[in-house]
Amino acid sequence: MTVPDDPSNYVRHREKGTRDVSYPPAPEPLAVPVYDNHCHLEIADGDDGGLTLDEQLDRAREVGIAGVVQAGGDIDSSRWSADAAARHPRVLAAVAIHPNEAPAYEAAGRLDEAIAVIDELAAQPRVRAIGETGLDFFRTGADGIPAQRRSFEAHIALAKKHGIAMQIHDRDAHDAVLQTLEHAGAPERTVFHCFSGDAAMARIAAEHGYYLSFAGNITFRGAQNLRDALAVASRDRILVETDAPFLTPVPYRGRPNAPYLVPTTVRFMAAELGVDLDELCAQLAANTRAVYGSFED
């Protein structure tokens, strides 16, 4: 693993394949600003090498996105996230070792070292969450699960140590994630990033005070489980995100995602809930600040 002297020089590239890599047009701006609660802006996507961080933030601001939470998934991207937050008043950071990365660090004998780096980064004032961490039984085989579990429990402890939020990655591991939170004791502000459960899980989350963050995939035709979950979720516990550059909402699915496309998802959520758009935006903004604090501090 090569760590650049200047964390801002770090960049990852998303594979283009045969998809359309042009950025979608900007949606109509929101009258009441909201926040993108989870994105990966260190990943370059799109034509012409993608957008710079400043370009991402400027486009977002033009459509009513007041700030973003930039999430890490390994040492390099977590350092980039913390550095971006320190440099930009519209960025807060989440830092962690992603569950799919934990087995590789463990195999190299470096998982404890990696978690120690996350511990150091979490002490920075604009690092407001440990994330994304959790369990992923889709991409990681059975031999990698023990490392994922050990890493997840260590990250839970870090969130509580630093008194900050936690963003959970949960893929095909709903029961195991919920059981781990129960066993280890969930941080006070626990967010299911890109919530992938159903209405039953949303009700369990409501009972425990967990936050559910909905991404652009709630607009996908086959995602009725997410729409059902949104319908029963506690309104004071819902958030919105892009997971950019992934999960671009319909009608732009497959093209590069970015924080400026949050209004598309928010308008879809308002229509599904049958609520006033401005009212929903105000609720989402308040919820985001309740989890991560002020972007101005």
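The values are calculated or read from the model by the stated rules, or taken from the named source; none is laboratory data. Just so we're clear, the structure is a prediction, and the values are computed from it rather than from any experiment. As a convention, Cβ positions derive from the backbone with ideal geometry for all residues, glycine included, and neighbour counts pool all protein chains shown. Surface areas here come from the heavy atoms of the whole protein model, side chains and all, with no ligands, DNA or RNA. Shrake-Rupley method; radii C 1.70, N 1.55, O 1.52, S 1.80 Å.
Details
- Amide H within-cut-off set for ASP74, under 5 Å, with H built and near neighbours excluded: ALA96, HIS98
- Förster radius 51 Å - calculated FRET efficiency between GLU207 and LYS16, Cβ distance, rounded to 0.05: 0.75
- Look at the alpha carbon pairs under 8 Å that are at least 6 residues apart: their mean separation over the length of the chain gives a relative contact order of 20 percent.
- Three-way shape label, the range 94-195, alpha-carbon gyration tensor, a/c 1.5: oblate
- Along principal axes, Cα extents of the chain, largest first, whole Å: 49, 44, 42
- For ALA44, residues with placed amide H under 5 Å, excluding near neighbours: ARG12, HIS13, ARG14
- Helical contribution to [θ] at 222 nm, DSSP H n ≥ 4, -39,500 (n - 2.57), averaged over the chain, rounded to 500: -12000 deg cm²/dmol
- Here the extension length gained between ASP175 and VAL250 equals 24.1 nm, from 0.36 nm per residue of separation less the Cα-Cα distance.
- Applying the Karplus relation 6.51 cos²θ - 1.76 cosθ + 1.60 with θ = phi - 60° to the range 145-157 yields 3J(HN,Hα) values of 5, x, 5, 4, 5, 5, 5, 4, 5, 5, 5, 4, 4 Hz, where x marks Gly and Pro.
- A cut-off of 5 Å between modelled amide H atoms, ignoring neighbours fewer than 5 places along the same chain, links HIS169 with THR133, GLY134, LEU135.
- Between ARG87 and ALA199, the contour length at 0.36 nm per residue exceeds the Cα-Cα span by 36.4 nm.
- Under Karplus coefficients 6.51, -1.76 and 1.60, residue-wise ³J(HN,Hα) of the range 255-269 in Hz, glycine/proline x: 7, x, 9, 7, x, 5, 8, 3, x, 4, 5, 5, 5, 5, 4
- Karplus-derived HN-Hα couplings along the range 176-184 (A = 6.51, B = -1.76, C = 1.60, θ = phi - 60°), whole Hz, x at Gly and Pro: 5, 5, 4, 5, 5, 4, 5, 5, 7
- The chain, accessible area per residue, ligands and nucleic acids excluded (1.4 Å, Å²): 41 Å²
- Placing a label point 7 Å from the Cα of ARG139 along the Cα-to-Cβ direction, the residues of the range 58-83 with a backbone N closer than 19 Å are 70-81.
- Distance between modelled label sites at ALA31 and ASP58, nm, 7 Å Cα→Cβ extension: 2.8 nm
- GNM on the chain, alpha-carbon springs under 10 angstrom: the most fluctuating residue among HIS98, HIS208, HIS169 is HIS208.
- Alpha carbon Rg of the range 218-297, scaled by the compact-globule rule 2.2 N^0.38 Å: 1.11
- Stretchable slack from ALA286 to ASP47, in nm (0.36 nm times residue separation minus alpha-carbon distance): 82.6 nm
- Taking one quarter of the surface of the convex hull spanned by the alpha-carbon atoms of the range 1-84 gives a direction-averaged projected area of 6.3 nm².
- Distance between the range 17-49 and the range 220-248 - C-alpha centres, whole angstrom: 17 Å
- Carbon + sulfur, % of accessible area of the chain - ligands and nucleic acids excluded, 1.4 Å: 48 percent
- Each listed q (0.17, 0.20, 0.22 Å⁻¹) maps to a log10 I(q)/I(0) for the range 53-150, found by the Debye formula over equal Cα scatterers with no solvent: -0.73, -0.89, -0.99.
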